[in-house]
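The values are calculated or read from the model by the stated rules, or taken from the named source; none is laboratory data. Values in this document were obtained by computation on a predicted structure and should not be read as measured data. No Cβ is skipped: glycine too gets one built from the backbone with ideal geometry, and neighbour counts run over all protein chains shown. Just the protein is used for accessible areas: all its heavy atoms, side chains included, with ligands, DNA and RNA removed. Shrake-Rupley method; radii C 1.70, N 1.55, O 1.52, S 1.80 Å.
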Amino acid sequence: MAINTFAEKALKFIGVLDEVYQKQSLTSILDDANLASQFVGTNKIKLPKISVDGAGNYDRDNGYAQGGVAVSYEEHTLAYDRGRKFRIDVIDNDEAAFDLYRQVALQYVRTKEIPEMDAIRFARMYAYAAKKVGGAALGTVVQKDLTTSDKPLALFDEAEKTLNEKEVPEEGRVLYCTNEFYSMLKNDSTISRRLDVGSLSGNINRKVTMLDGITPIIRVPQVRFYSEITLHDGKTEGQEKGHYIPKVGGFDINFIYANRAVLRGVTKRHVSKIVSPAENQSADAYDIFYRLHHDLIVRDNEAAGIYIHTKKTART
């Protein structure tokens, strides 16, 4: 009975880990609920493809020209299949063992899984924006090493103008930026500001949380903000600890300005297997197999909605 209790608790705890991810991930706002409901098996989803005919002339005698609408679905295999096996020794009782597992799982999600997912998604955005079709990039990538003389508001205005010229909807855009860029933006001398000092509390609020009233600003630690990363497999010599590192030859990202609607995140987290101490042939312990499938999907015809500003100097 105690073994079943541990297994049931571990499975139910997935919901808690989902909540932690939603609150602490910088890219969880990109998750597409519709895609999450389109799973076919463990790691595939159905992507809808819709095509419609353009407008035709209205005829007073015959009325409207008949238009065609075609809806089809294609299967997409999620690009990332990551996980770990956790071993929890039997301590005093089932409750103590689960409490230890709970702490381990929370530590893993907060310090390893969430930063890695964010880093993967930002690198995916770069890959989609830089992808070339017919010699031209689908999105926009600008390279420049930031200096103290740079005016970050001017850099943002250039990004905004670029998306406007590409007829990207203004509503729903998001700005991801490094703490360095945010600090420069907050202290940009071209910004006219009024500081309200509360007469009772004496607080001075210098936070910049939104630009032009519609664009939220989300600060990203540089350690998650790279154009390319290398994922460690957790098995190869030198990669036993898993996780990721920035790729040599890649670039640090300064900021990403994009239409959130074109960035479709999808995530599926689950405990795939639990081996009890009674069944475990190699240790008097629980073995919990934790697995995560995820991806960030951008259609080629929507990648124009991504503007990425990186450093010009490549990583060595």
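If I filter region 281-296 down to residues being touching a strand residue (DSSP E or B) at 6+ places or on another chain (Cβ under 6 Å) and surrounded by fewer than 20 Cβ atoms within 10 Å (Cβ to Cβ), which single residue comes out as farthest from SER37 (Cα to Cα)?
ALA285
Looking only at region 233-250, decide whether some residue is over 20 Å from PHE86 (Cβ atoms), charged (D, E, K, R), in contact with a helix residue (DSSP H, G or I) (Cβ under 9 Å, 6 or more places away or on another chain) and at pLDDT 95 or above.
yes
For region 215-231, check the following and say yes or no: at least one residue is open to solvent by 50 Å² or more (accessible area, probe 1.4 Å), of a type in the set (D, E, K, R) and more than 23 Å from ALA33 (Cβ to Cβ).
Yes, some residue in region 215-231 is open to solvent by 50 Å² or more (accessible area, probe 1.4 Å), of a type in the set (D, E, K, R) and more than 23 Å from ALA33 (Cβ to Cβ).
Hey, among GLU19, GLU74, GLU8, which residue is of a type in the set (Asp, Glu), without any contact (Cβ under 8 Å) to a residue 60 or more places away in the chain and assigned to a strand (DSSP E or B)? It would help to see each step written out before you state the result.
Working: GLU19 fails: assigned to a strand (DSSP E or B); GLU8 fails: assigned to a strand (DSSP E or B).
After applying the criteria, what remains is GLU74.
Look at region 26-47 and say how many of its residues are open to solvent by less than 60 Å² (accessible area, probe 1.4 Å) and either of a type in the set (Val, Ile, Thr) or part of a loop (DSSP other than H, G, I, E, B) (or both).
Final tally of qualifying residues: 8.
Of the residues in region 261-282, how many are among the small types (Gly, Ala, Ser) and modelled with pLDDT of 90 or more?
2
Would you mind stating whether GLN66 is without any contact (Cβ under 8 Å) to a residue 12 or more places away in the chain, surrounded by fewer than 15 Cβ atoms within 10 Å (Cβ to Cβ) and within 24 Å of the chain's Cα centre (by Cα)?
no
Determine if region 251-262 includes at least one residue that is closer than 20 Å to GLU113 by Cα, over 14 Å from the mean Cα position of the chain (by Cα) and in contact (Cβ under 8 Å) with a residue 60 or more places away in the chain.
no
Yes/no per residue for (1) in contact (Cβ under 8 Å) with a residue 60 or more places away in the chain; (2) in contact with a Ser or Thr (Cβ under 8 Å, 6 or more places away or on another chain); (3) within 20 Å of LYS273 (Cα to Cα):
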position	(1), (2), (3)
ASP31	yes, yes, no
ASP61	no, no, no
ARG84	yes, no, yes
ALA105	yes, no, yes
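Take the residues in region 107-145 that are assigned to a loop (DSSP other than H, G, I, E, B) and modelled with pLDDT of 95 or more; name whichever of them is most open to solvent (accessible area, probe 1.4 Å). It would help to see each step written out before you state the result.
The first filter runs over region 107-145 and keeps only residues assigned to a loop (DSSP other than H, G, I, E, B), leaving 131, 134-135, 138-139, 144-145.
Among the residues that remain, those that are also modelled with pLDDT of 95 or more are: 131, 138-139, 144-145.
Details: LYS131: 87, LEU138: 34, GLY139: 7, LYS144: 69, ASP145: 57 Å².
In this case the residue turns out to be LYS131.
I need the full set of residues from region 233-250 which are under 19 Å from the mean Cα position of the chain (by Cα) and open to solvent by 30 Å² or more (accessible area, probe 1.4 Å), in order please.
Correct list: HIS243, ILE245, PRO246, LYS247.
In the set ALA96, ALA119, which member is among the aliphatic types (A, V, I, L, M) and farther than 30 Å from CYS177 by Cβ?
Answer to the check: ALA96.
When you scan region 146-159, how many residues do you find that are surrounded by fewer than 19 Cβ atoms within 10 Å (Cβ to Cβ) and either without any contact (Cβ under 8 Å) to a residue 60 or more places away in the chain or outside any loop (DSSP other than H, G, I, E, B) (or both)?
Qualifying residue count for the region: 9.
Taking ARG260 as the residue in question, decide whether it is touching a Cys at 6+ places or on another chain (Cβ under 9 Å), open to solvent by 50 Å² or more (accessible area, probe 1.4 Å) and not hydroxyl-bearing (Ser, Thr, Tyr).
Working: touching a Cys at 6+ places or on another chain (Cβ under 9 Å): no; open to solvent by 50 Å² or more (accessible area, probe 1.4 Å): yes; not hydroxyl-bearing (Ser, Thr, Tyr): yes.
Considered against the rule, which asks whether it is touching a Cys at 6+ places or on another chain (Cβ under 9 Å), open to solvent by 50 Å² or more (accessible area, probe 1.4 Å) and not hydroxyl-bearing (Ser, Thr, Tyr), ARG260 comes out as no.
State whether the residues of region 48-59 include one that is in a loop (DSSP other than H, G, I, E, B), exposed (fewer than 11 other Cβ atoms within 10 Å of the Cβ), on the phi > 0 side of the Ramachandran plot and free of Cβ contacts under 8 Å to residues at least 12 places away in the same chain.
no
Quick one: how many residues across region 213-243 are touching a residue at least 40 places away in the same chain (Cβ under 8 Å), touching a Phe, Trp or Tyr at 6+ places or on another chain (Cβ under 9 Å) and either on the phi > 0 side of the Ramachandran plot or of a type outside the set (Lys, Arg) (or both)?
The number of residues fulfilling the criteria is 10.
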